[in-house]
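The values are calculated or read from the model by the stated rules, or taken from the named source; none is laboratory data. Note that the coordinates shown come from a computational prediction; the quantities given were computed from them, not determined experimentally. Glycine also receives a Cβ, built like all others from the backbone with ideal geometry; neighbour counts cover every protein chain displayed. The accessibility values were calculated without ligands, DNA or RNA, using every heavy atom of the protein model including side chains. Shrake-Rupley method; radii C 1.70, N 1.55, O 1.52, S 1.80 Å.
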Amino acid sequence: MEIDKAIRECDDGRLKTKYNNAIYVIRRALALYSVQEVALSFNGGKDSTVLLHLLRAGCFLHEAEENNSGGNAADGGKTFPIRTIYFESQSAFPEINSFTYEAAATYNIQMDIIRLDFKSGLEALLKANPIRAIFLGVRIGDPTAVGQEQFSPSSPGWPPFMRVNPILDWSYRDVWAFLLVSKVQYCSLYDQGYTSIGSIHDTVRNALLCIRNSDNSEEKFKPAYLLADGRLERAGRVKKNSSLVCGKLSSISNGVKMENLNSGSMLTASIITVGDEILFGTVEDKLGSMLCKKLHSIGWAVSRVAVTRNDIDSVAEEVERQKSTDDMVLIFGGIGPLHSDVTVAGVAKAFGVRMAPDEEFEEHLRHLIGEKCSGDKNEMALLPEGITELLHHEQLPVPLIKCHNVIILTATNVVELDRQWDCLIELAKSNGILVLMDPFVSKCFATTLSDVEVAQPLSKLCAQFPDLYIGGYRRSREGPLVITFEGKDLSRIEAASQSLCQKFHAGAFSEIE
């Protein structure tokens, strides 16, 4: 069989492993269900095309074993034995439709064309046919992949069937390695700069593959298999409005368009430090206060700074509490093979997803630690499944981890935090992972008045100026009382400070730097 022969003769060890694992899943499914009880959901995309050819190889090998032919069963001219479903849509690219029908003709596929929505179409199909399992080209990182295994029953509310996912653990690189090594046809859109194809309404060429002439008069695009970072395959999907952690977004293609936020807008962040050593009192948390200053410097208000136990459940509880109330959560600390391993697992639990191996992150770890670690490197490369985005920067040996509105920092000291923060700000300027707003401004006044004398006027000021942060502190009991006013509007701070000073005799307060 040409597919099996091409893979086994190639020198890509990783691809061979992925192929063998996928074939095992397919042959296991064919041992559990008869050919009449299984179906392939085909959509003309790259993942679906890979699955089609894996099934061709898997069926061939399964039949050869049953016939005791040692892998020498005839391969040419036979009809593809598995029922194939194609959900035809008016919003599909014409090239997708054309490729699908060409593939059906080329490989003798008996295809059921369904023109209903996916759920209604499945209900009708399963009612009329004895289908018990459906092969799907789902990969980790796909929106529908969260929580799925290689064999997963259908979700509640859907018609009952077994979802079989032979390429669940395949990466973007694996998909293209298979297609190129096998030398099979794929949809022509992938040679025109498209990397992830949905409908005509939400899919454009991936700008990361764009090639511009020196005079910028014409744009050309490299083929999809030349995309350097497979994590960005969905950068060719039109962005829709999302939460303020990415700013006010416009519905545009290939990235985030930042709009000016008015001065009344307020974004809040919380900071979570993970570490028993801080709770024991043996170490002082300097990074938390440093992050507060840095967040204020980009106009973010800090709503909470928390320190939590160094265990997964404690981290999960704190993250779950903060991620729904704040626009962003910054978390650092923890312990494990990497400093942040407990933290990452806690974040995964907070979002209700499992930890899954990440090929790209594993590669970074290999370059960082070499052979110096004990244990399984694959375990160290586990990340929250389906929600993880790696934030790359040339100054960072390992990318930062972002899970929705939670950013995991790996800094262990102020020098590392400075470097990671600077990289984060540079990334924010280029791809809008967080909003950069006008910084907070502040004024500080010192007085020798007692706390009791100042308490009531300060309480009234807090009610009068709810948009300002007003506080007071002493560096020592005998030292002066320092009153701080902080906010986004300098005129409001001036008004609040003047109002305070007017309540006391001249010279009671002196402004300090």
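Identify all aspartates and glutamates with a Cα-Cα distance to K46 below 14 Å; exclude those on the same chain that are fewer than 8 residues away in sequence.
Filter leaves E95, D142, D174, D191, E233.
Helix 13-32: angle to the longest alpha-carbon principal axis of the chain, degrees 0 to 90, nearest 10?
Its long axis makes an angle of about 70 degrees.
Give me the accessible area per residue for the chain, probe 1.4 Å, as a whole number in Å².
Per-residue value: 49 Å².
Taking only the alpha carbons of the chain, what extent do you get along each of the three principal axes, in Å, biggest first?
The principal-axis extents, from largest down, are 101, 53, 51 Å.
Could you tell me how many degrees, from 0 to 90 and to the nearest 10, lie between the Cα long axis of helix 414-431 and the main elongation axis, the longest principal axis, of the Cα atoms of the chain?
Once rounded, the angle reads 60 degrees.
Between D169 and S499, what is 0.36 nm times their sequence separation minus the Cα-Cα distance? Round to one decimal in nm.
Fully extending the segment from D169 to S499 adds 112.5 nm.
Which of K220/K429; K16/K429; K293/K349 have a Cα-Cα distance over 31 Å?
K16/K429
Using every pair of alpha-carbon atoms in region 24-179, split the distances into 5 Å bins beginning at 0 and state the percent of pairs per bin, rounded to integers.
Histogram of Cα-Cα distances, whole percents per bin: 2, 8, 18, 21, 23, 17, 8, 3, 1, 0.
Using the scaling law 2.2 N^0.38 Å as the reference, what is the normalised Cα Rg of region 268-431?
It is 0.98.
Cα axis of helix 312-323 to longest principal axis of the chain: angle in degrees, 0 to 90, nearest 10?
Helix 312-323 sits at roughly 70 degrees to that axis.
Can you tell me the convex hull volume per residue for region 187-232, based on C-alpha atoms, in Å³ to the nearest whole number?
Spelled out: Cα convex hull of region 187-232, divided by residues, is 85 Å³.
If you roll a 1.4 angstrom probe over the protein chains with everything in place, what fraction of the accessible area of the chain belongs to carbon and sulfur, to the nearest %?
Result for the chain: 49 percent of the exposed heavy-atom area is carbon or sulfur.
Along the three principal axes, how long is region 431-513 when you take its alpha carbons, biggest first, rounded to the nearest angstrom?
Projected onto the principal axes, the Cα atoms of region 431-513 cover 50, 27, 19 Å.
With each pseudo-label sitting 7 Å past Cα toward Cβ, what's the L226-Y101 distance in nm, one decimal?
Simple spin-label model gives 3.2 nm for this pair.
Work out the FRET efficiency for I512 and N129 from their Cβ-Cβ distance, taking R0 = 60 Å, and round it to the nearest 0.05.
Efficiency at R0 = 60 Å is approximately 0.15.
Of all the stretches in the chain, which is the longest one without any exposed loop site, taking trypsin sites (Lys or Arg not before Pro) in a DSSP loop (any state but H, G, I, E, B) with at most 11 other Cβ atoms within 10 Å?
Result for the longest clean stretch: 241-371.
May I ask you to compute the full-extension gain from S152 to A31, defined as 0.36 nm times their residue separation minus their alpha-carbon distance, rounded to one decimal in nm?
My answer for the length gained is 41.9 nm.
Fully extended, how many nm does the chain gain between D489 and H393 (0.36 nm per residue separation, minus their Cα-Cα distance)?
Gain on extension, D489 to H393, equals 31.2 nm.
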